[in-house]
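Notes follow once the structure below has been shown.
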Amino acid sequence: QVQLVESGGGLVQAGGSLRLSCAASGRTFSNYVMAWFRQAPGKEREFVAAKAGAGDFTWYADSVKGRFAISRDNLKNTMYLQMNSLRPEDTSLYFCAAESEGPYYRPEYRYWGQGTQVTVSS
């Protein structure tokens, strides 16, 4: 059974940092794109960042470029999202996703985690 489990969310003040982790089990995703999305109440799920399985191909939403960094450890089958200079508008439920079935920035992935809440206070 394939599982993606996020961790690392929490409450932080504006300007602070958090590091999210996404641990995959049941299969490896070293040959697939993995990504982070987020969804605030009443809003659509939006793309945050994605990273290819091989090489240094990474993509970011304009809203997080320069503040967030996505990384992967394929040996540990784990993906990370380092979030710096957090803003209140970053408050959301963050999801990890694996194995894209469409463009990397669309929420069309085969596997999803359950989400981890990030709350940024002003």
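The values are calculated or read from the model by the stated rules, or taken from the named source; none is laboratory data. Note that the structure is a prediction, hence the values are computed from the model and not measured. Cβ atoms come from the backbone with ideal geometry, glycine included; neighbour counts cover every protein chain shown. Ligands, DNA and RNA are excluded from the accessible area calculation, which covers all protein heavy atoms including side chains. Shrake-Rupley method; radii C 1.70, N 1.55, O 1.52, S 1.80 Å.
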* When only Cα pairs under 8 Å and 6 or more residues apart are kept, what is the percent relative contact order across the chain? -> 35
* Structure fact -> Rounded to one decimal in nm, the spacing of the 7 Å Cα→Cβ label points at Ser17 and Glu89 is 2.3
* Approximate spin-label separation Ala61-Gln3, in nm, with each point projected 7 Å along Cα-to-Cβ -> 2.7
* Rounded to whole Hz and in sequence order, give me ³J(HN,Hα) for region 26-34 from the Karplus expression 6.51 cos²θ - 1.76 cosθ + 1.60, θ = phi - 60°, writing x for Gly and Pro. => x, 5, 9, 10, 4, 9, 10, 5, 10
* To do: Give me the net charge of Ala40's neighbourhood, meaning all other residues with Cβ under 11 Å from the Cβ of Ala40; Lys, Arg count +1, Asp, Glu -1.
  => -1
* Structure fact -> Carbon and sulfur atoms account, in whole percent of the 1.4 Å probe accessible area of the chain, for 47
* For Trp59, Trp36, what's the largest-to-smallest order of accessible area, 1.4 Å probe? -> Trp59, Trp36
* Mind putting a number on the dipole of the chain about its Cα centre? Charges go on the C-beta only, +1 for Lys and Arg and -1 for Asp and Glu, and I need it in Debye to the nearest 20. => 160
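Summing Lys, Arg as +1 and Asp, Glu as -1, what charge do residues with Cβ under 15 Å from the Cβ of Arg87 carry, Arg87 excluded? The partial results should precede the final answer.
On the way: positive: Arg38, Lys65, Arg67; negative: Glu46, Asp62, Glu89, Asp90.
Combined, the nearby Lys, Arg, Asp and Glu give -1.
So, counting K/R as plus one and D/E as minus one, what does the shell of residues with Cβ under 9 Å around Tyr109 add up to? Intermediate values should be presented prior to the final figure.
Working: positive: Arg106, Arg110; negative: Glu99, Glu101, Glu108.
With Lys, Arg at +1 and Asp, Glu at -1, the net is -1.
Any idea of the accessible area per residue across the chain, 1.4 Å probe, to the nearest Å²? Walk me through the numbers on the way to the answer.
Details: 6370 Å² over 122 residues.
On a per-residue basis, the chain sits at 52 Å².
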